[in-house]
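Report on one structure; see the data block that follows.
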Amino acid sequence: MLLAAALDGRPITDIMQWLAFPANRTPLDILRDHGHTAVAAQLKGTVEGPPETRDGIFETARQYAAALLNTEIAAWVTPQEAIAEFKPSEFVDSTDTLYLLSKDGGGGASALIAACADSVMRAATARAERTSGRLDPPMLAILDEAGNVCKISDLPQLYSHLGSRGIIPITILQSYRQGQQVWGDAGMDSMWSAATVKVVGPGIDDPDFADKLSRMVGDHDVESTSVSHSESGKSTSVSMRQERILAADAIRALPKGTALCFATGMRVAGLDMKPWYLQPGANEISTDSERASKAITQRAVAKTASAQGDFEVAA
């Protein structure tokens with residue numbers, strides 16, 4: 001349906017109408033008119049298939065596209081005369097910075113955020129392939145709250161080659177288990193293995209993951225001295241045994257402001273983190289943050305007042 005809308009120059013919001021009525025033949029006709037008969041046949045098979053299967057597929061699609069029901073969100077992905085269109089292929093040729101903000105849960109646009117972030121990284125990959133094979137300067141993709149608002153399904157697969165294209169992804173998760181919930185055990189393990197630098201902060205409450213980290217930190221030799229007494233006198237013996245450098249319970253008890261760094265080709269390092277508010281320019285950041293917070297509050301209050309006005313009883 002996305003392909004049909006693009007081929008016919010229709011806004012993405014038309015897809016919601018097609019999803020609401022699976023029997024609507026408009027996308028089928030568009031695909032056939034543009035020569036995409038195989039895709040049209042696939043869509044027809046889905047629409048005319050068993051009702052249980054069809055309804056499940058369409059309901060899943062409706063959930064992903066639910067953000068388009070919000071007119072304010074839909075406006076950002078609908079062509080506007082007074083607003084320039086964002087084109088990922090042009091963005092990757094610039095030195096601009098793109099900020100994508102959303103929230104998880106009802107009313108959020110996390111699916112659109114993930115789609116936009118994914119399209120930018122793919123455009124950057126294509127740009128790198130057309131040149132020397134790597135972006136210069138590199139592109140930094142910071143995916144904060146990736147498990148909530150930026151669920152790119154094939155992110156583990158992208159991790160295996162993004163670095164070689166000059167695209168540096170930084171994925172920030174609440175926990176290792178959160179990544180498993182989003183990408184599965186195999187996907188999270190693949191992404192963990194492909195990442196050349198892993199930073200783990202305090203608050204690890206997963207015993208299995210804490211034990212895994214403990215094994216990765218490694219063991220060290222500990223000297224053990226034993227003394228025995230007999231009729232002939234006292235004898236002392238020294239033996240060596242191996243012991244975990246950092247036990248799982250010690251990892252769980254990491255103090256705030258510290259972290260463990262696992263980098264390829266290096267032994268594990270302990271880090272003392274420096275808070276942003278102790279960095280140069282912290283005052284400027286605080287001022288900007290306060291101004292942005294006030295603006296968000298004002299918009300939320302205005303939206304609430306408008307919604308309440310819609311339900312006032314006429315005199």
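Below is a table of values for the structure above.
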| item | result |
| --- | --- |
| Single condition Leu135 does not satisfy, out of (1) crowded, with 18+ Cβ neighbours inside 10 Å; (2) over 16 Å from Leu260 (Cα atoms); (3) under 15 Å from the mean Cα position of the chain (by Cα) | (3) |
| Subset tally (residues that are surrounded by 15 or more Cβ atoms within 10 Å (Cβ to Cβ) and among the polar types (S, T, N, Q)) for the range 162-204 | 5 |
| Qualifying residue in the range 246-258 (condition: in a loop (DSSP other than H, G, I, E, B) and either aromatic (Phe, Trp, Tyr) or in contact with a helix residue (DSSP H, G or I) (Cβ under 9 Å, 6 or more places away or on another chain) (or both)) | yes |
| Candidate set: the range 138-148, residues that are touching a strand residue (DSSP E or B) at 6+ places or on another chain (Cβ under 9 Å) and in a helix (DSSP H, G or I); chosen: the one surrounded by the most Cβ atoms within 10 Å (Cβ to Cβ) | Ala146 |
| Some residue of the range 216-237 being under 27 Å from the mean Cα position of the chain (by Cα) and farther than 30 Å from Gly163 by Cα | no |
| Filtered residues of the range 79-136 (kept if at pLDDT below 90, touching a helix residue (DSSP H, G or I) at 6+ places or on another chain (Cβ under 9 Å) and of a type in the set (S, T, N, Q)) | Ser102, Ser110 |
| All helices (runs of 4 or more DSSP H) inside the range 11-99 with 3 or more residues being closer than 18 Å to Ile113 by Cβ and either of a type in the set (Val, Ile, Thr) or without any contact (Cβ under 8 Å) to a residue 12 or more places away in the chain (or both) | 71-76 |
| Residue that is surrounded by the most Cβ atoms within 10 Å (Cβ to Cβ), among those in the range 274-299 that are under 27 Å from the mean Cα position of the chain (by Cα), among the small types (Gly, Ala, Ser) and over 27 Å from Leu260 (Cβ atoms) | Ser286 |
| Test: residue in the range 62-78 that is modelled with pLDDT of 90 or more, within 31 Å of the chain's Cα centre (by Cα) and of a type in the set (A, V, I, L, M, F, W, C) | no |
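For every residue, the table says whether it meets (1) in contact (Cβ under 8 Å) with a residue 24 or more places away in the chain; (2) within 20 Å of Gly203 (Cα to Cα); (3) in a strand (DSSP E or B).
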position: Thr225; (1), (2), (3): no, no, yes
position: His229; (1), (2), (3): no, no, yes
position: Leu260; (1), (2), (3): yes, yes, yes
position: Gly270; (1), (2), (3): no, yes, yes
position: Ala292; (1), (2), (3): no, no, no
position: Ala295; (1), (2), (3): no, no, no
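Listed here are the residues, each with its yes/no results for (1) among the β-branched types (Val, Ile, Thr); (2) at pLDDT below 95; (3) assigned to a helix (DSSP H, G or I).
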| residue | (1), (2), (3) |
| --- | --- |
| Gln157 | no, yes, yes |
| Pro169 | no, yes, no |
| Gly184 | no, yes, yes |
| Val199 | yes, no, no |
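The values are calculated or read from the model by the stated rules, or taken from the named source; none is laboratory data. All values derive from a computational prediction rather than experimental measurement. All Cβ positions, even for glycine, are placed from backbone atoms using ideal geometry, and neighbour counts span all protein chains on display.
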